[in-house]
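Worksheet: the structure to be examined is printed underneath.
Just so you know, all these numbers are worked out from the coordinates, no wet-lab data involved. What you are looking at is a predicted structure, and each value in this text was computed from that prediction instead of being measured. Positions of Cβ are generated from backbone atoms using ideal geometry, with glycine treated the same way; all protein chains shown enter the neighbour counts.
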Amino acid sequence: MRIILLGPPGVGKGTQAQRLARERGLAAISTGDMLRDHRRRGTRLGREAQRYMDSGALVPDDLILGMVEERFREPDVAAGFVLDGFPRNVEQAKAFDTLVGLRGWMLDRAILLEAPQAAIVERISGRRTCRACDRPYHVKFDPPPAAGRCACGGEIHQREDDREAAVAERARVYERETSPLISYYERVKLLARAPATGTPDAVYAALATLLGGAACAR
Ligand code: AP5
């Protein structure tokens with residue numbers, strides 16, 4: 001199975017991608033997580049990406065495409081994948097078409113997660129993230145351990161780009177750059193819409209119904 005998760009910042013793509021990957025044996029490919037990993041390791045790519053990410057802008061396509069091409073060479077991707085945060089504009093979508101085409105693969109679905117703006121704002125403003133492994137928590141819906149440390153031992157913090165100014169810019173960038181992908185995938189009849197309201201379990205159940213196969217218990 002090869003899936004793209006689409007949707008505005010904070011709608012819950014990462015949360016669902018992780019679970020789909022775990023329960024369906026897919027590679028979870030999050031370009032945001034990959035970039036944050038580069039930043040932690042202090043690579044040249046990480047340093048170049050930092051100023052774009054902190055302000056809520058998109059990292060230039062050539063950097064992203066190089067990183068994704070490298071990831072696609074890893075063996076786990078052949079068993080299927082769920083993409084979270086990529087493609088992010090029409091140029092990236094075309095490059096992705098080429099990348100999968102060269103391997104003789106087909107995309108199964110691009111799934112748009114939809115939730116009311118108020119829910120998205122509440123999710124993103126309450127998000128806390130592990131500095132070490134990127135696991136997302138939420139102050140209300142999925143509180144971090146009382147000790148302020150992730151299960152992996154990492155420090156829990158608020159992402160730079162989850163602060164107000166960057167969140168507003170990310171929402172603008174989504175509308176301008178990423179939302180055209182909705183019609184891009186509609187045209188080739190690969191778009192599906194999934195309600196992302198309710199608990200993470202409820203959203204996962206909706207995705208499971210859409211993709212076929214029952215929602216497994218965690
Ligand atoms: P990225 O990390 O991809 O950020 P994003 O798309 O803005 O998405 P988020 O991680 O903010 O949200 P999400 O939808 O995954 O929600 P989550 O599951 O965490 O990108 C960051 C930056 O990297 C970009 O701005 C850009 O600079 C750069 N970048 C990345 N990819 C790029 C690309 N391809 N091209 C160019 N630049 C790129 O959930 C949010 C919160 O809500 C969490 O706290 C979670 O616990 C909670 N939650 C989730 N689901 C629910 C639910 N159903 N009910 C209640 N709470 C919930």
Where nothing but the Cβ of Lys and Arg (+1) and of Asp and Glu (-1) is charged, how large is the charge dipole of segment 1-155 around its Cα centre, in debye to the nearest 20?
460 debye
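Within a Cβ distance under 12 Å of Ala168, other residues only, what is the Lys/Arg minus Asp/Glu net charge?
-2
For a Förster distance of 30 Å, can you work out the FRET efficiency between the beta-carbons of Arg40 and Ala118, rounded to the nearest 0.05?
0.40
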Given the candidates Trp105, Pro75, Ala95, the one whose Cα lies deepest towards the positive end of the charge dipole of segment 45-145, counting +1 at each Lys or Arg C-beta and -1 at each Asp or Glu C-beta, is Pro75
Between the alpha-carbon centers of segment 1-77 and segment 143-218, tell me the distance in whole angstrom.
13 Å
Counting DSSP beta bridges with both ends in the chain, the antiparallel % (nearest 5):
30 percent
Which order do Arg88, Arg73 fall in if you start with the one that has the fewest other Cβ atoms within 10 Å?
Arg73, Arg88
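For segment 1-88, what is the charge dipole size about the Cα centre, in debye to the nearest 20, if Lys and Arg each add +1 at the Cβ and Asp and Glu each add -1 at the Cβ?
240 debye
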Got the relative contact order for the chain handy, in percent, Cα pairs under 8 Å and 6 or more residues apart?
28 percent
Starting from the exponent 0.38 and prefactor 2.2 Å, build the expected Rg for segment 12-77 from its residue count and divide its actual Cα Rg by it.
1.18
For Phe72, Phe141, what's the fewest-to-most ordering of other Cβ within 10 Å of each Cβ?
Phe141, Phe72
Student exercise, segment 133-218 dipole from Lys, Arg, Asp, Glu Cβ charges, in Debye to nearest 20
280 debye
